[in-house]
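*Asks:* My questions will all concern the structure given below.
The values are calculated or read from the model by the stated rules, or taken from the named source; none is laboratory data. Since the model is a prediction, treat every value here as computed from it, not as a measurement. Every residue, glycine among them, receives a Cβ derived from its backbone with ideal geometry; neighbour counts consider all protein chains shown.
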């Protein structure tokens, strides 16, 4: 069930409220390794979403802002457990295994603002904060506690630079938990990218410079023995021809 209600409209813009309540199923194809149910497929996860939000559309869409709060839950979540020294569950002593015994709750808020400043200049700012926990109270692995993003882009539509575009993209992810076996927490990181483009007729050329500052930060993940890191500075050049 979803709904959108416009509760204000004036000369400068309009304001809307929206709500979203739904239930979905996430297919699970992992095979059970426990002796009692060996070889069976784990049950699908059932997710229920509850979201409320506001949207502002101001000055003929020159400023569009959205903010929402959510509280979602998911059952049959796979939790990593460890067998006893006799191996009564898996037949292998002290062996880790998965079991669909978890309930994951995700609550938080997110917001974003889109500015069409004029003259081909546009900016997008976003921020979100998430608290994802299991029924035991432990944090869900690999989900940053908060994220921040920004994009500024300018496209020249007139003059001798017509067809050129330049942009800057920033992303940051906050602290996150590793695998529930250790419950370790790591600080997040950030990444700065530059984007350049040129469009002429049916041709489109793009240059992306990723990680401009060439700083290696830890990526959000769950593998406690080898967390991933950001790519070093790299360049990607692409050419597209539209027929």
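*Asks:* So residue 118 clears everything in (1) in contact with a strand residue (DSSP E or B) (Cβ under 9 Å, 6 or more places away or on another chain); (2) more than 19 Å from residue 174 (Cα to Cα) except one condition, right? Which one?
*Replies:* Unmet condition: (1).
*Asks:* Which residues, taken from segment 15-34, are loosely packed, with under 14 Cβ neighbours inside 10 Å and outside any loop (DSSP other than H, G, I, E, B)?
*Replies:* As a first pass, look at segment 15-34 and keep what is loosely packed, with under 14 Cβ neighbours inside 10 Å: 21-27, 29-31.
The answer is 21, 22, 23, 24, 25, 26, 31.
*Asks:* So, one more: Have a look at 75, 88 and point out the one that is over 22 Å from the mean Cα position of the chain (by Cα) and either part of a loop (DSSP other than H, G, I, E, B) or in contact (Cβ under 8 Å) with a residue 24 or more places away in the chain (or both).
*Replies:* 88
*Asks:* Pairs please, first residue from segment 172-185 and over 17 Å from residue 81 (Cβ atoms), second anywhere and in a strand (DSSP E or B) and at pLDDT 95 or above, Cβ atoms under 7 Å, 6+ apart in sequence or on different chains.
*Replies:* The qualifying pairs are 172/147; 172/148; 172/190; 173/147; 173/189; 174/146; 174/147.
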